[in-house]
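Only one structure is covered here, and it is reproduced in the block below.
The values are calculated or read from the model by the stated rules, or taken from the named source; none is laboratory data. Every value quoted in this text rests on a predicted model; they were computed, and no experiment measured them. Here the Cβ positions follow ideal geometry from the backbone for every residue, glycine too, while neighbour counts run over all protein chains shown. Note: accessible area is taken over every heavy atom of the protein model, side chains too, but ligands, DNA and RNA are not part of it. Shrake-Rupley method; radii C 1.70, N 1.55, O 1.52, S 1.80 Å.
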Amino acid sequence: MPESLFSRAGSMHGHADRPREADITVVIPTHQRPELLRRALMSVLRQSYSALEVIVVSDGDDGSDAQAIVDEFRDRRLRVVPLWLRRGGAQARNIGVRMARTPWIAFLDDDDEWHPEKLARQMQATRTMQVEFPVISSQSLVQSNTRAWISPERAFQADEAISDFLFCRSRFIDGAQYMQTSSLLVPQELLLKIPFRPHLRRHQDWDWLLRAAKQPGVAFHMVAQPLSIFHVEEGRNSVGRGQDWEFSHAWATEMRHGFTPRAYSFFLATECVSRAVKSRAGWKAYAPLIRDYFLSGRPTVRSLLTLAGFLFVPPPVQTRIRRAARTRLQPSESSTENAMTPQEIGSLGSPAITTHS
């Protein structure tokens with residue numbers, strides 16, 4: 001069974017009184033990963049904010065494996081929605097959103113987990129935002145098989161464009177910024193207006209954020225604490241890490257209206273040129289990307305240095321530079337002042353899991 005970093009949780013105990021009416025639906029897409037699903041559900045049921053329902057969308061099967069895990073918890077807030085045909089994570093989320101009976105949606109991937117105060121702190125943040133559609137995220141603790149780090153290193157600021165936050169890097173060693181899906185708390189009404197686009201095989205999170213930012217009444221807020229754990233496997237050949245630079249370029253061209261010119265140049269350098277170099281596409285591929293970088297974007301000194309680094313520093317050397325620059329399990333000096341360290345997270349106890357039948 002996968003071990004949670006929030007491992008000091010209480011044990012499950014007997015039945016409890018019915019919780020107050022739910023106002024958050026937790027949507028968990030899953031596909032035949034029962035052990036990971038169990039860990040994710042445990043982190044949901046340890047939430048101090050208990051006014052929730054949970055929809056487990058079992059993508060591409062009859063849902064029997066997911067149902068067996070759900071039955072272990074004996075909690076009537078949990079239900080399984082089987083999708084016999086594989087639809088993919090984006091469509092699974094959309095289906096969960098449509099089936100929700102609450103005004104708020106929180107997403108959790110089946111291989112991620114939450115801090116016990118995640119929903120409580122995010123709901124508290126919604127009360128400070130006088131807008132129609134508050135979109136609340138948080139920093140995350142990214143956990144690999146060898147190390148962990150806080151991402152993003154700094155929290156989103158209300159006065160910056162979402163594309164600048166996501167794509168403009170301060171240093172060559174920095175990776176992409178994220179409002180990772182498992183960190184999001186979003187009004188259901190907004191997700192019904194702007195669903196995830198299921199045909200995208202990459203950039204689904206970024207795509208949704210850029211489209212949502214164009215919707216009147218939307219404002220973003222990031223809780224400056226790592227309230228979710230994003231589990232990654234170093235060296236895994238996932239779709240998100242593939243080197244299909246042509247797809248990334250086509251997507252950015254289509255979504256050009258969602259980028260500031262500065263962010264567009266950074267995206268081409270970091271997501272398109274870098275992928276083209278890794279796939280050894282050659283200068284016939286690099287040339288149109290560089291032309292688009294200059295003509296459609298707004299180059300800065302930092303993005304030019306980043307572009308040059310990806311073009312002329314061999315990928316293995318880039319990796320060694322990044323690893324040498326990161327201190328294991330420590331946020332950088334640029335991290336938000338009140339961000340919790342991984343050690344502080346691991347030392348926190350969690351409320352006991354209460355079952356509701």
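Numbers below:
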| read-out | value |
| --- | --- |
| Number of positions in region 23-72 that are under 20 Å from Pro103 (Cβ atoms), open to solvent by 30 Å² or more (accessible area, probe 1.4 Å) and assigned to a helix (DSSP H, G or I) | 0 |
| Residue match in region 260-267 (condition: at pLDDT 95 or above, more than 21 Å from Phe156 (Cα to Cα), in a helix (DSSP H, G or I) and of a type in the set (Lys, Arg)) | no |
| For Glu337: the one exception among (1) of a type outside the set (Ser, Thr, Tyr); (2) open to solvent by 70 Å² or more (accessible area, probe 1.4 Å); (3) over 24 Å from the mean Cα position of the chain (by Cα); (4) at pLDDT below 95 | (3) |
| Pairs, first more than 13 Å from Pro226 (Cα to Cα) in region 131-160, second surrounded by fewer than 22 Cβ atoms within 10 Å (Cβ to Cβ) and of a type in the set (Asp, Glu), C-beta under 8 Å, six or more apart | Phe133/Glu189; Ser144/Glu233; Ser144/Glu234; Asn145/Glu233; Asn145/Glu234; Thr146/Glu234 |
| Region 118-154 - residue that is among the β-branched types (Val, Ile, Thr) and not in a strand (DSSP E or B) and, of those, modelled with the lowest pLDDT | Thr146 |
| Yes/no for Pro103 being touching a Leu at 6+ places or on another chain (Cβ under 9 Å) and at pLDDT 95 or above | no |
| Residue count for region 271-289, restricted to those that are over 19 Å from Thr260 (Cβ atoms), part of a helix (DSSP H, G or I) and open to solvent by less than 50 Å² (accessible area, probe 1.4 Å) | 8 |
| Residue within region 294-308 that is modelled with pLDDT of 75 or more, open to solvent by less than 50 Å² (accessible area, probe 1.4 Å), of a type in the set (A, V, I, L, M) and not in a loop (DSSP other than H, G, I, E, B) present | yes |
| Residue satisfying condition, being hydroxyl-bearing (Ser, Thr, Tyr), over 22 Å from Val26 (Cα atoms) and open to solvent by less than 50 Å² (accessible area, probe 1.4 Å), within set Ser170, Ser137, Ser163 | Ser163 |
| Scope region 198-218; condition loosely packed, with under 15 Cβ neighbours inside 10 Å and either modelled with pLDDT of 95 or more or among the charged types (D, E, K, R) (or both); matching residues | Arg201, Lys214, Gln215, Pro216, Gly217 |
| Qualifying residue in region 167-180 (condition: among the basic types (Lys, Arg) and under 24 Å from Phe310 (Cα atoms)) | yes |
| Residue count, region 73-90 (criterion: open to solvent by 30 Å² or more (accessible area, probe 1.4 Å), under 17 Å from Asp23 (Cβ atoms) and either polar (S, T, N, Q) or part of a loop (DSSP other than H, G, I, E, B) (or both)) | 1 |
| Cross-chain or 6+ apart pairs with Cβ under 9 Å, region 91-103 first and open to solvent by 70 Å² or more (accessible area, probe 1.4 Å), then of a type in the set (Asp, Glu) | Arg101/Glu53; Pro103/Asp23; Pro103/Glu189 |
